[in-house]
Structures are given as structure tokens and as C-alpha cells.
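Colleague: Starting off with a structure, shown below.
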Amino acid sequence: MTKRNTKAKQLILDSLKNTKSAVSQEILQKELGEEVDRATIYRVLNSFCDDGIVHKILSDDGKYYFAFCINCSGKQHKHNHFHFRCLECGKIECLPNEMDVKLPLGYKSVNFNGFISGYCANCS
Ligand SMILES: [Zn+2]
Ligand SMILES: [Zn+2]
Ligand SMILES: [Zn+2]
């Protein structure tokens with residue numbers, strides 16, 4: 001890991017912390033400006049996913065967003081929660097409730113991808 005990468009990691013971590021909602025690569029790029037290039041942002045985000053720090057959300061606008069993990073470590077990601085996209089302010093959030101979806105006998109879930117769009121508390 002080079003020094004430049006470490007700095008990029010720190011910058012991206014800070015801006016994820018400051019934003020209370022999920023961010024896309026585009027949003028991060030805008031926030032970080034020239035300081036970190038596109039490829040680095042991509043690489044750092046994916047390495048955070050591998051480390052169990054953030055998880056990837058496929059939004060209903062077709063873009064990926066990244067949000068902090070709460071109870072994850074290493075490869076053991078566990079996010080049985082819905083994601084909410086506000087149609088007014090565009091914010092994407094992790095909803096705090098863990099979902100327990102009953103599957104038919106013999107089925108085993110690996111990935112949960114729940115998505116809701118609507119209006120957040122500030123906008124409704
Ligand atoms: Zn996770
Ligand atoms: Zn809103
Ligand atoms: Zn989430």
C-alpha cells in the first residue's frame with residue numbers, strides 16, 4: 001500500500017463518515033475533487049467492501065451506492081435490511097430494522113436485496 005493510497009483511504013473514510021446516507025462513486029468524486037482519481041475511489045470502495053467496512057447497494061436508479069456496515073467483519077457481511085431512496089432529496093439510507101424473511105423449506109439465503117423508494121421524514 002503506497003502512501004497516496006493510504007491518504008485516499010482516509011479521505012474516503014472521512015467523507016463516508018460525514019455523510020449520514022449512502023454515497024455513490026460520483027458523489028464521492030464531487031466531494032473529493034481532483035485529490036483522488038476515479039480508479040482509486042473505485043478500488044478503495046471495493047477494498048472497504050472486502051474488509052467488511054462498507055456494503056454496496058444497487059439502487060433502483062441503476063447506480064451503486066456505498067454505506068457503512070454496522071455489524072460486519074471481514075467477509076461476513078450481514079445486511080438483512082431494506083434501503084430507502086428519497087424521491088425528493090435523493091438520499092439513500094439503510095433502514096435500521098433487520099428483516100427475517102421466511103423462505104420455503106430447504107432454501108438458504110445468501111444475499112438480501114431490498115429496496116424502497118418514497119419520501120423521507122424531511123421531505124414527506
Ligand atoms: Zn457489511
Ligand atoms: Zn428526502
Ligand atoms: Zn445498508
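The values are calculated or read from the model by the stated rules, or taken from the named source; none is laboratory data. The shown structure was predicted, so the numbers you read here are calculated from the model rather than taken from an experiment. Ideal geometry is used to build each Cβ from the backbone, glycine not excepted, and the neighbour counts take in all protein chains shown.
Colleague: Taking the options I70, I27, I41, name whichever one is at pLDDT 90 or above, of a type in the set (V, I, T) and away from ligand 2 (no atom under 16 Å from the Cβ).
Modeller: Only one candidate qualifies: I41.
Colleague: OK, next. Residues in the stretch 44-52: is at least one of a type in the set (D, E) and near ligand 3 (Cβ under 10 Å from one of its atoms)?
Modeller: For the stretch 44-52, residues of a type in the set (D, E) and near ligand 3 (Cβ under 10 Å from one of its atoms): absent.
Colleague: Tell me, yes or no, whether the stretch 45-62 has at least one residue that is over 18 Å from S21 (Cα atoms) and basic (K, R).
Modeller: No: zero hits.
Colleague: Let me ask another. Looking at the stretch 73-122 only, could you name the residues that are closer than 13 Å to D60 by Cα, within 16 Å of ligand 1 (Cβ to nearest atom) and aliphatic (A, V, I, L, M)?
Modeller: I92
Colleague: Report, by residue number, each residue of the stretch 93-124 that is of a type in the set (F, W, Y) and at pLDDT below 95.
Modeller: F112, F115
Colleague: Going through the stretch 75-123 one residue at a time, which ones are within 16 Å of ligand 2 (Cβ to nearest atom), exposed (fewer than 10 other Cβ atoms within 10 Å of the Cβ) and without any contact (Cβ under 8 Å) to a residue 24 or more places away in the chain?
Modeller: Result: A121, single match.
Colleague: What tally of residues in the stretch 1-59 results from selecting those that are over 16 Å from the mean Cα position of the chain (by Cα), surrounded by fewer than 16 Cβ atoms within 10 Å (Cβ to Cβ) and among the small types (G, A, S)?
Modeller: The total comes to 2.
Colleague: Just give me the residues in the stretch 60-72 being near ligand 1 (Cβ under 10 Å from one of its atoms) and surrounded by 13 or more Cβ atoms within 10 Å (Cβ to Cβ), in sequence order.
Modeller: Passing the criteria: A67, F68, C69, C72.
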